[in-house]
Each structure stands twice: as C-alpha cells, then as structure tokens.
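> My questions will all concern the structure given below.
The values are calculated or read from the model by the stated rules, or taken from the named source; none is laboratory data. Being a predicted model, the structure only gives us computed values, none of them experimental. Glycine also receives a Cβ, built like all others from the backbone with ideal geometry; neighbour counts cover every protein chain displayed.
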Amino acid sequence: MTVIHHPSEAVLMAYGAGSLGEGQALVVAAHLSSCPICRDHVASLEAVGGSLLDTIAPEAMTVGALEAILARLDDLPADIPPPPPPPAPASLGIEVDLPAPLRAALTPDMSWQLTGPGMRQLVIHPERHSGGPSTRLLRIAPGVRVPGHGHPGLELTLVLDGGYTDPHGHFGPGDVAELEADTHHQPVTDRGRDCICLVSFDAPIEFQDTALGPLQRLFGR
C-alpha cells in the first residue's frame, strides 16, 4: 500500500492533543494503523507537547483531593467484563481487513442502507442533533459518479479499498481526503472493485441538485 494523501499537520496535532471529534479521531486512528509516517509524526508531536507540559509550574492540589480520588477507585467493580468482540468483516459482506480502531467501533446491529444507485452506507456515529457531525462507512460500486456536493464543515475520508478520483486527485487505499468547509466536488469511483470509505462529517453534506431530496435526508440525519 502506497499512501499519497495524509491528514494535515493541524489535524494530526489536534488528534495528538485529543481535541478531535469522535468521528474525526476514528478516521485518523484508522489511518495511523497502516501509516508509519503519520504514526511517527504524531509521536513527535506528543513528545513536544509533553516537553511543554514540563515547563508549566505545578498547581497545588486542594486539601483531600488525593483521598477523594482513592475513595472513588475503591468503588469500582473488581471484575469489569470485557467488551463484546467486534463483528468480523464477513458480517458486512466485504473482504477487507478493516483497521482495528474501526472494527472496535462496529456493533452487530449495524447494517447497510441503500442511499442511491450503487451506493450504500453504514452509520457508525449518527447525528446527535440536527446538522451535527456523523461518521459513516460508505460502499460505492465501481464507476459510479457520486452526485456533486459541498461541505459546510470539515470532512475527513479514509479510503479502505478501491479508490476514486475528484478535482483534488486520485485517492486509493490508505489515503485521507481532507476537505474544508465550502469545498465542492464530485467523486468518480474506480472501475474494477467497490470503493469502501470511512467518512466523518462535521455537518451534513449538501447536494447541489435540489432534486436529490431523499438522498440529502439520508446524509443529513
């Protein structure tokens, strides 16, 4: 796998600082699992951040703070059951070795939704409020021209299998497309195999064709 497109320095810094949203952090974590370049970069950023913390004068703890924390630890159950194992990729009907962070985010009750001709989605993080962020796994058939759309917020897309081309270049497995607000594009998937992408939206995408109302509603909930 040759990765050409990586997350920006700003996104990697935010990830290292823990300030990315849930969906964006999932996209970056999935990318890092197969990109040693970005893993090393994040490690360097975290080291710099740790050095800066060492220069900050410590603040005195309030009286009884340590005792209160230890008391809360005593209240934790002795045996915490392990989380249920993530579903195997076969349960999604795809033959892709999904990154571990993505596998951990999947639950057995998730299923594909048809969103248009040759297009399906699996909602991982639904919107918690109207117009809010969401995370989806997209599966688009070969040679599909996705309807043109814009991005009112940041969109991060990680290609897991297949690929697509838009005005910003060609994106294949491992590549991350980072689209800022007010960016418009119309991806066309490669021929030969499905394009499978992990996508995080800051806000619902906006299709340019007003006749695509049903599709807009699917991507806006």
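> In region 18-42, how many are over 18 Å from Gly163 (Cβ atoms) and surrounded by 12 or more Cβ atoms within 10 Å (Cβ to Cβ)? Steps first, please.
Taking region 18-42 as the starting set, the residues that turn out to be over 18 Å from Gly163 (Cβ atoms) are 18-26, 28-29, 32-33, 36-42.
Narrowing the set further to residues that are surrounded by 12 or more Cβ atoms within 10 Å (Cβ to Cβ) leaves 20-26, 28-29, 32-33, 38-39, 41-42.
Total meeting the criteria: 15.
> Hey, among the residues in region 162-205 that are assigned to a strand (DSSP E or B) and touching a Cys at 6+ places or on another chain (Cβ under 7 Å), which one's farthest from Val27 (Cα to Cα)? Even if it seems obvious, please write down each step before you answer.
First, the residues of region 162-205 that are assigned to a strand (DSSP E or B): 164-166, 169-171, 176-179, 183-185, 188-189, 195-201.
The next check asks that each one be touching a Cys at 6+ places or on another chain (Cβ under 7 Å); those that pass are 164, 189.
Numbers: Tyr164: 17, Thr189: 20 Å.
Residue satisfying both the conditions and the ranking: Thr189.
So that you can scan it fast, the table gives a plain yes or no per residue for (1) in contact with a Gly (Cβ under 7 Å, 6 or more places away or on another chain); (2) modelled with pLDDT under 80; (3) in a helix (DSSP H, G or I):
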site: Val11; (1), (2), (3): no, no, yes
site: Arg39; (1), (2), (3): no, no, yes
site: Leu70; (1), (2), (3): no, yes, yes
site: Asp79; (1), (2), (3): no, yes, no
site: Pro86; (1), (2), (3): no, yes, no
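> Can you pull out every residue in region 159-171 that is within 18 Å of Arg145 (Cβ to Cβ) and either surrounded by fewer than 22 Cβ atoms within 10 Å (Cβ to Cβ) or among the hydrophobic types (A, V, I, L, M, F, W, C) (or both)? Give the derivation first.
As a first pass, look at region 159-171 and keep what is within 18 Å of Arg145 (Cβ to Cβ): 159, 162-171.
Hits for region 159-171 are Val159, Gly163, Thr165, Asp166, Pro167, His168, Gly169, His170, Phe171.
> What number of residues within region 147-158 satisfy the criterion of being of a type outside the set (Gly, Ala, Ser) and either over 23 Å from Val28 (Cβ atoms) or surrounded by fewer than 18 Cβ atoms within 10 Å (Cβ to Cβ) (or both)? Break it down into steps so the answer makes sense when it comes.
From region 147-158, those of a type outside the set (Gly, Ala, Ser) are 147, 149, 151-152, 154-158; that's our starting set.
Narrowing further to those that are either over 23 Å from Val28 (Cβ atoms) or surrounded by fewer than 18 Cβ atoms within 10 Å (Cβ to Cβ) (or both): 147, 152.
Residues that pass the stated criteria total 2.
> Could you check region 106-163 and list, in sequence order, the residues that are among the hydroxyl-bearing types (Ser, Thr, Tyr) and out of contact with any helix residue (DSSP H, G or I) (no Cβ under 8 Å at 6 or more places or on another chain)?
The first filter runs over region 106-163 and keeps only residues among the hydroxyl-bearing types (Ser, Thr, Tyr), leaving 107, 111, 115, 130, 134-135, 157.
Once the filter is applied, which keeps residues that are among the hydroxyl-bearing types (Ser, Thr, Tyr) and out of contact with any helix residue (DSSP H, G or I) (no Cβ under 8 Å at 6 or more places or on another chain), region 106-163 yields Thr107, Ser111, Ser130.
> Now, a different point. I want to confirm something. Restricting to region 95-139 and keeping residues that are hydrophobic (A, V, I, L, M, F, W, C) and in a loop (DSSP other than H, G, I, E, B), which single residue is nearest to Gln186 (Cα to Cα)? If you could, list the steps in order and put the result at the bottom.
Let us first name the residues in region 95-139 that are hydrophobic (A, V, I, L, M, F, W, C), namely 96, 98, 100, 102, 104-106, 110, 112, 114, 119, 122-124, 137-138.
Now drop any that are not in a loop (DSSP other than H, G, I, E, B), which leaves 96, 98, 106, 110, 112.
Details: Val96: 25, Leu98: 25, Leu106: 28, Met110: 27, Trp112: 22 Å.
Residue satisfying both the conditions and the ranking: Trp112.
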